[in-house]
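Shown next, in structure tokens, is the structure this report addresses.
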Amino acid sequence: MLLLFIHGLDSSSTTWSPFLNIDEDQPYHRSFPSYAVDLRGHGQSPLSTSSEFSPEAIVDDLTSFLSNIAVKPPFDPVPAVIPKVVVVGHSMGGRVAMLLAAKLAGALEGSLPFELSKVIIEDMDVKVRNKPPFEVTWDPPGGDFDRSFVSCDDCVAALITSGYDEKRVKDWVVDGRIRETADSKWWSDVNPQTRALCYERILGSECGADAMEAIRAEEWQENVTLVVAGGTGPRGTVCDKESLEKMRRRLRGCDYFTVENAGHSIHKTHKDAFSNIVDGVCRQAEE
């Protein structure tokens with residue numbers, strides 16, 4: 001079995017670093033090979049072109065990634081029993097996990113070198129978010145945002161000018177989303193162009209609801225786990241109550257957890273509680 005962790009918007013694979021190292025003395029899920037990816041336009045991954053950015057392209061990226069991993073050590077040579085995959089997605093990454101499940105739930109047995117077994121959706125619903133909490137722009141409008149900068153100050157200024165809050169941007173210098181590279185330049189894991197595209201084509205579209213219905217049509221809903229932050233306020237859950245209730249009705253049989261007082265990033269604010277949920281899902285997948 002292997003685990004794949006998917007980050008949220010304006011983030012990168014590094015958010016999952018504490019969950020990745022194999023350690024038999026740590027929680028159950030840490031005994032399995034675990035991977036985290038940078039989605040298109042996030043972290044170290046290039047955006048490519050705006051015209052090629054779509055939910056389908058992102059799902060294809062992940063399918064290719066898993067297919068490549070599943071035929072390499074420790075899964076090489078391809079075993080008689082193909083590895084099961086548990087996918088964990090935070091926020092927008094949770095919606096992406098649903099899109100992946102919608103595509104692969106009906107895959108013919110043996111058509112891929114892995115089996116998608118479970119998905120865990122961390123603090124995300126299927127609500128269409130037409131209006132982002134703040135607007136971003138980039139220069140030149142309609143062009144590409146260059147994430148490499150001569151200095152940290154230039155990087156910070158460019159992101160603030162694009163619409164990001166100054167405190168948030170300066171926090172990114174501390175947590176490493178803005179960092180110095182080996183060639184003495186500065187790199188931003190965050191791309192305002194990507195953010196705008198994500199709202200336009202993922203968060204602001206019906207793709208989440210469509211994925212939910214596809215999962216339901218394949219009767220795959222019992223393999224879905226919803227984990228919702230119980231905290232409120234600006235750092236609490238981002239989920240819409242009505243949308244969550246709709247998900248629970250349509251995905252009848254899914255597992256549902258509320259982590260009391262947890263912030264939106266449950267895997268950070270309540271790491272142990274979140275790890276226990278991941279452990280339980282992995283044990284189910286192994287049965």
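On the stretch given as the stretch 116-159, residues that are in contact with a helix residue (DSSP H, G or I) (Cβ under 6 Å, 6 or more places away or on another chain) and assigned to a helix (DSSP H, G or I) total 2. Of all residue pairs spaced 6 or more apart or on separate chains, those with beta-carbon atoms under 6 Å, a first member in the stretch 247-265 that is more than 22 Å from Glu219 (Cβ to Cβ) and in the same structural domain as Asp10 (by TED's automatic domain parsing) and a second member that is in a loop (DSSP other than H, G, I, E, B) and among the acidic types (Asp, Glu) are His264/Asp123.
Cβ-Cβ contacts under 6 Å between residues 6 or more apart (or on different chains), taken from a first residue in the stretch 156-179 that is free of Cβ contacts under 8 Å to residues at least 12 places away in the same chain to a second residue that is exposed (fewer than 14 other Cβ atoms within 10 Å of the Cβ) and assigned to a helix (DSSP H, G or I), are listed as Ile160/Glu166.
Residue check: Ser111 meets all listed conditions (1) outside the structural domain of Thr269 (by TED's automatic domain parsing); (2) over 24 Å from Glu245 (Cα atoms); (3) free of Cβ contacts under 8 Å to residues at least 24 places away in the same chain but one, namely (1).
Within the stretch 160-183, the set of residues being over 18 Å from Ser45 (Cβ atoms), in a helix (DSSP H, G or I) and of a type outside the set (Asp, Glu) comprises Ile160, Thr161, Lys167, Arg168, Val169, Lys170, Val173, Val174. If the condition is being modelled with pLDDT of 90 or more, more than 30 Å from His270 (Cβ to Cβ) and of a type in the set (Asp, Glu), then the stretch 51-90 contributes Glu52, Glu56, Asp60.
Helices (runs of 4 or more DSSP H) fully within the stretch 196-279 that include at least 2 residues being surrounded by 21 or more Cβ atoms within 10 Å (Cβ to Cβ) and hydrophobic (A, V, I, L, M, F, W, C): 207-217.
For Pro133, the conditions (1) assigned by TED's automatic domain parsing to the domain that holds Asp240; (2) within 20 Å of the chain's Cα centre (by Cα) are fulfilled apart from (1). Residues considered: Gly253, Gly208. Of these, the only one that is within 16 Å of the chain's Cα centre (by Cα) and under 24 Å from Ala107 (Cα atoms) is Gly208.
The values are calculated or read from the model by the stated rules, or taken from the named source; none is laboratory data. Quick caveat, the model's predicted, so the values are computed rather than measured. For neighbour counting, all protein chains shown are included, and Cβ atoms are generated from backbone atoms with ideal geometry for every residue, glycine included.
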